[in-house]
Amino acid sequence: MAVYLKEGKSEAALKATDAGVKETVEKMIREIEAHGDVAVRNYSATLDRWSPAAFRLTAEAIQEIVDRTPEQVIRDIRFAQQQIRFFAEQQRASILDIEIETLPGIFIGHKNIPVNSVGCYIPGGRYPMVASSHMSILTAKVAGVKRVIACTPPINGQIPEATVCAMHFAGADEIYILGGVQALCAMAIGTGSIPATDMIVGPGNAYVAEAKRQLYGRVGIDLFAGPTEVLVIADDTADAEMVACDILGQAEHGPTSPGVLITTSGQLAQDTLLEIEKQLAVLPTADIARVAWENNGSVILVEDEAEAIRIADELASEHVEVLTRNPGIFLEKMTNYGALFLGPETNVAYGDKVIGTNHTLPTRKAAKYTGGLWVGKFLKNCTYQRCTPAASAIIGEYAMRLCELEGFAGHKAQAALRVKRYGKR
């Protein structure tokens, strides 16, 4: 029987916070629908104190930014993109078009067709999210998307230059310094200066997530992403320093980020609670991480690995680190997670920044029905069929009877016309 030694906020409390966000976003979408560029500029000026002559960066401005960016920064960005591109290319290679002859003269198949245009949101705000450029823009390009545009907000009234470099190297066709709901709406709805895209992707704060929710259907999205989550599953072979470090490493994202420890060791649970306080005393981002931990942190003591797997699958967390004797058991048996990090040698930061897997992942239990962003999200699996005349007549006989069974006279007529035209005379 699992015992909660510490528990975060309830789902009811989280939903109460969401209600106010929903109303604000609805109002912003209505205004941008009605007033386009004017509304976008007003929101940018009000919320970000940013109202340049043009939100889109020119090719010359981008090159100037690249030229003054430190060489080590450029090398590091390119290294990360090399890892992410390689993995995305292998994923793309695994997605095949097919055509099969199911019966003599009947051919059916599918093609994987890239979305024509995608808008990528690269968050800023508290931190310049350089890595999100790789995860969305680069992955879309590997998938074969023809037009990939990207928006990122100014930070304290300045262009985040390392982020712009990453967006450029990833292959963005258009780069806009524009943030928040106004950026998502501009890309999804279109304005006089920003042509609409067919899909919008990328993480962001609660307002960005809500904008994606409300815009979904008008455009495609990657997934509904809430505050980042980390779950650490550990036994008595793990050490409290590492567990605490990895939980707080995600807690610094924001005050609503959940961090959870599931453990079979009562000693590790108690040691981790103490170690978190110790590390918070020196962590430079403790002002954020402490609020996240105090409001959303949980420690769950379980009897064995089977119970740990059951509870972990129910939580369906975005990031799951496994610090146990045999991490492979969790890879074999767990079914609900955004990404697994197996063993103490790896961690969420590797996945977030550089190792090659994508960091845009499902949160708030969405891992029960979807994985994260990958090349497949930018592809439409579209089927087709063709028949020889003789095969059309044969399959048409079955279609006629099945349509009649359901009462579809017009459908039956389609089949009957083929049987009459292509059948034996």
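What distance in nm lies between label points placed 7 Å from Cα along the C-beta direction at residue 89 and residue 64?
3.4
Relative to the longest principal Cα axis of the chain, at what angle does helix 161-170 sit, 0 to 90 degrees, rounded to 10?
The angle comes out at about 30 degrees.
If you roll a 1.4 Å probe over the heavy atoms of the protein chains, what accessible area per residue do you get for the chain, in Å²?
For the chain, the per-residue accessible area is 49 Å².
DSSP beta bridges in the chain, what fraction antiparallel, as a percent rounded to 5?
Beta bridges within the chain, antiparallel portion: roughly 35 percent.
Roughly what angle does helix 37-48 make with the longest principal axis of the chain, taking Cα atoms, 0 to 90 degrees, to the nearest 10?
Helix 37-48 sits roughly 20 degrees off the main axis of the chain.
Quick check: at a probe of 1.4 Å, how many percent of the accessible area of the stretch 216-292 sits on carbon and sulfur atoms?
Roughly 57 percent of what the probe reaches on the stretch 216-292 is carbon or sulfur.
Quick one: compute the contact order of the chain, relative version, from alpha carbon pairs under 8 angstrom and 6+ residues apart, as a percent.
19
With all protein chains present, how much of the accessible area of the stretch 54-210 (probe radius 1.4 Å) comes from carbon and sulfur, to the nearest whole percent?
Roughly 55 percent, rounded to a whole number.
Mind giving me the nanometre distance, one decimal, between the label points for residue 96 and residue 285, set 7 Å out from Cα along Cα→Cβ?
Inter-label distance under the simple model: 4.2 nm.
How much net charge surrounds residue 265 when only the other residues with a Cβ under 10 Å from the Cβ of residue 265 are counted, with Lys and Arg +1 and Asp and Glu -1?
-3
Measuring from label point to label point, each 7 Å out along Cα→Cβ, what is the residue 420 to residue 74 span in nm?
Roughly 7.1 nm, to one decimal.
Can you pull out the GluC sites (Glu not before Pro) in the stretch 56-114 that DSSP calls coil and that have at most 16 other Cβ atoms within 10 Å?
Here no GluC sites (Glu not before Pro) fit, given the DSSP loop and packing criteria.
To the nearest 500 deg cm²/dmol, what mean residue ellipticity at 222 nm is calculated for the chain from DSSP H runs of n ≥ 4 alone, each contributing -39,500 (n - 2.57), summed and divided by the residues?
-14500 deg cm²/dmol
HN-Hα J couplings of the stretch 306-313 from phi, Karplus 6.51/-1.76/1.60, θ = phi - 60°, integer Hz, Gly and Pro as x?
Going residue by residue, I get 4, 5, 4, 5, 4, 6, 4, 5 Hz, with x marking Gly and Pro.
What is the sum of charges around residue 174, taking Lys and Arg as +1, Asp and Glu as -1, for the other residues whose C-beta is under 9 Å from the C-beta of residue 174?
Cβ neighbours under 9 Å give a net charge of +1.
If you take every residue apart from residue 352 with its C-beta less than 15 Å away from the C-beta of residue 352, what net charge results, scoring Lys and Arg +1 and Asp and Glu -1?
-4
Where the centre of each part is set by its Cα atoms, how far does the stretch 21-38 sit from the stretch 300-314, in angstrom?
Using only Cα atoms to place each centre, the spacing works out to 44 Å.
Nearest 10 degrees is fine. How inclined is helix 409-422 to the longest principal axis of the chain, computing both from alpha carbons?
That helix lies at roughly 60 degrees to the long axis.
Here are labelled values, (1) 42, 32, 21; (2) 72, 22, 19; (3) 59, 26, 17, and one is the computed semi-axes √(5λ) of the Cα gyration tensor in Å for what I pasted. Which one?
After the calculation, the listed value that fits is (1).
How much of the pair distance distribution for the stretch 278-425 lies past 23 Å, counting alpha-carbon pairs only, in percent?
61
The values are calculated or read from the model by the stated rules, or taken from the named source; none is laboratory data. Owing to the predicted nature of the structure, the values given are computational and were not obtained by experimental measurement. Backbone-built Cβ (ideal geometry, glycine too); neighbour counts: all protein chains shown. Please note that ligands, DNA and RNA were not included when accessible areas were found on the heavy atoms of the full protein model with its side chains. Shrake-Rupley method; radii C 1.70, N 1.55, O 1.52, S 1.80 Å.
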